[in-house]
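Following: one structure in structure tokens, then a few remarks.
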Amino acid sequence: MLRGLYTAAAGMISEQRRHDTITNNIANINSPGFKQGNALSRSFPEMLISTIRGGQGASTAPIGKMSLGVFSEESISLHAQGDLQETQNPFDFALVSKIQVPGMSFDASGKFVDANGQRTFQPQALFTVLNANGEQRYSLNGKFTVDTAGQLVNANGNLVLGRDGQPLLLIDGAGQPIHSFKVTDKGEFIDANGLPLLGPTGQPVGLMLSRAENPNLLLREGNGLLRINPGDEATVTQVAAGDQVQVRQGFIERSNVDSAQSMVDMMSALRAYEANQKVIQSYDKSMEKAANEVGRV
């Protein structure tokens with residue numbers, strides 16, 4: 001009898017985690033560069049059910065297989081390109097990433113499946129920043145500002161890195177702030193004449209753009225930052241010259257969350273949760289009757 005109780009409880013936990021993922025998507029619907037998360041569920045390993053015929057020592061006869069419910073295995077992000085919103089702010093940037101891999105044609109969700117069922121995810125380009133501890137992190141939120149030291153920072157004060165791996169300074173060789181500039185589609189800062197802007201060290205100023213070979217290896221750290229596990233650091237490199245990545249100045253990338261579909265999914269998760277809850281209540285009443293009434297007979 002308790003098998004059904006455990007199955008319903010597992011279903012409730014799975015739907016609760018699915019509901020949490022959807023509500024997080026809705027909460028970040030206005031967060032620039034946010035990528036929608038999808039909760040994936042899978043069934044527990046199936047168990048072989050058998051019966052014993054003829055008492056102790058007799059052979060068993062298989063009845064069939066039974067699963068003991070589902071569990072929420074992981075949450076992966078949908079790395080589809082979000083819509084671009086024009087802000088006309090020179091410190092706002094959006095990335096248009098269409099990185100291709102030879103021999104592969106990615107679908108709208110950024111996935112390619114070969115004849116053997118092997119999945120490959122489309123590489124994605126990201127901005128590179130430093131978190132509060134000085135550790136390298138990645139982000140798609142290109143809404144930047146300049147602090148009092150002339151450093152390009154994001155909304156949380158994280159330093160944006162330049163191509164030399166150092167915080168990007170908008171200060172010229174004379175130590176004066178750079179106010180008038182344009183950014184090319186490759187992330188290079190140029191002046192009104194189209195000449196490269198030089199930083200305090202005399203080197204051209206440009207954004208460090210990182211390429212994540214498998215964006216699903218990136219882990220959410222909060223505040224729009226993504227990190228990579230130490231063992232997977234080799235999968236993140238700088239964007240190469242031939243990669244199809246464009247920087248759009250004066251734009252931000254909107255969240256790719258589908259609000260209408262999210263509301264439908266949230267109601268579906270709620271109804272499934274309630275159905276499992278009623279199953280548990282039914283088992284509870286059955287066990288109560290067995291303990292209080294059948295035992296008295």
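A few notes on this one:
- The simple spin-label model puts a point 7 Å past each Cα toward its Cβ; for Ala108 and Met287 those points are separated by 4.6 nm.
- Net +/- balance of residues flanking Gln244 in space, Cβ distance below 13 Å, scoring K and R +1, D and E -1: +1
- Across segment 79-159, the mean sequence separation of Cα contacts (distance under 8 Å, 6 or more residues apart), normalised by length, yields a relative contact order of 25 percent.
- Label-to-label distance, nm, for residues given as Asn38 and Asn133 (7 Å Cα→Cβ offset): 3.2
- Taking other residues whose beta carbon is less than 14 angstrom from the beta carbon of Leu169, and scoring Lys, Arg as +1 and Asp, Glu as -1, yields -2.
- Oblate is the label for segment 208-273, because a/c, from the alpha-carbon gyration tensor with a ≥ b ≥ c as root eigenvalues, is 1.5 or above and a/b does not exceed b/c.
- Relative contact order computed over segment 63-203 (Cα-Cα under 8 Å; 6+ residues apart), in percent: 14
- Among Thr235, Thr60, a tally of other beta-carbon atoms within 10 Å of each Cβ gives an order, fewest to most, of Thr60, Thr235.
- Within the chain, helix-based [θ] at 222 nm, where runs of 4 or more DSSP H residues each add -39,500 (n - 2.57), nearest 500: -7500 deg cm²/dmol
- Mean separation of Cα contacts under 8 Å (6+ apart) over length of the chain, as relative contact order %: 25
- Here Phe71, Phe93, Phe251 are placed in order of increasing Cβ neighbour count within 10 Å, fewest first, which gives Phe71, Phe251, Phe93.
- Neighbour-count order for Arg211, Arg18, fewest beta carbons within 10 angstrom listed first: Arg211, Arg18
- Taking every lysine pair in the chain that is 8 or more places apart or spans two chains, those with Cα atoms closer than 23 Å amount to 11.
- Choice from Arg271, Arg17, Arg254 with maximal GNM fluctuation in the chain (Cα, 10 Å cutoff): Arg271
- Per-residue packing, averaged as other Cβ atoms within 10 Å, sorts the ranges 129-142, 108-121 into the order 129-142, 108-121, beginning with the highest.
- The phi-based Karplus calculation (6.51 cos²θ - 1.76 cosθ + 1.60; θ = phi - 60°) puts the 3J(HN,Hα) values of segment 30-40 at 9, 7, x, x, 5, 10, 4, x, 10, 7, 9 Hz, whole numbers, x for Gly and Pro.
Readers should treat all values here as calculations from the given coordinates under stated rules, not as data from a laboratory. As the structure is a computational prediction, the values presented were derived from the model and not from experiment. No Cβ is skipped: glycine too gets one built from the backbone with ideal geometry, and neighbour counts run over all protein chains shown.
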